[in-house]
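Asks: Sharing a structure below in structure tokens format, with a few things to ask.
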Amino acid sequence: MTVFSNKNTKLNLSGCMKIISMLHACMQDQCISFDKQIDYFASVHASLVQSLGQAQATAHLAKSLFAITIGSNDIIHYAKANSATSATADPSQQFVDALIQTLTGQLQRLYGLGARKVLFLGTGPVGCTPSLRELSPTKDCSVLANGASPCATTPPRRRS
């Protein structure tokens, strides 16, 4: 998560992120979960309130842009765990529901800390990453992972 403030300052909390922490025991030391990044941001929020006061900190954060690129690690892990059992492009509804439920709670928490402008960047065709292509005998892209990557299957939509 990267936060751009109205004073041309930038706070980058991590270079990689995962939505669901418990799905990634093997990646514990490689990525910081979104929950942990929100914990870190909560500390930054407390510091802002202490130095600026509640009203000024709230106004400052309301003008800041929270840029979030999220989901690829979750999709890659899901595809690796299910590559032998599923060749379809449709991810399990249970997996999608778990991501949505977890992300909803995380975004509510971020909103509670003052985030008002949030930019999400899509995951892209993560099924073509080398680690997933290695799982295929023909070294093809993972249809399962690309099916779970919204930007790989549909063009971007513009919100009005």
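Coordinate-derived values only; no laboratory data. If you're wondering where the values come from, they're calculated on a predicted model, not measured in any experiment. Note that each Cβ is placed from the backbone with ideal geometry, even for glycine, and that neighbours are counted across all protein chains shown.
Asks: Once fully extended, how much extra length lies between residue 131 and residue 50, figured as 0.36 nm per residue of separation less the alpha-carbon to alpha-carbon distance?
Replies: This chain segment gains 24.7 nm when fully extended.
Asks: How do the peptides 135-141, 94-100 rank, highest first, by the average count of neighbouring beta carbon atoms within 10 Å per residue?
Replies: Output ranking for 135-141, 94-100: 94-100, 135-141.
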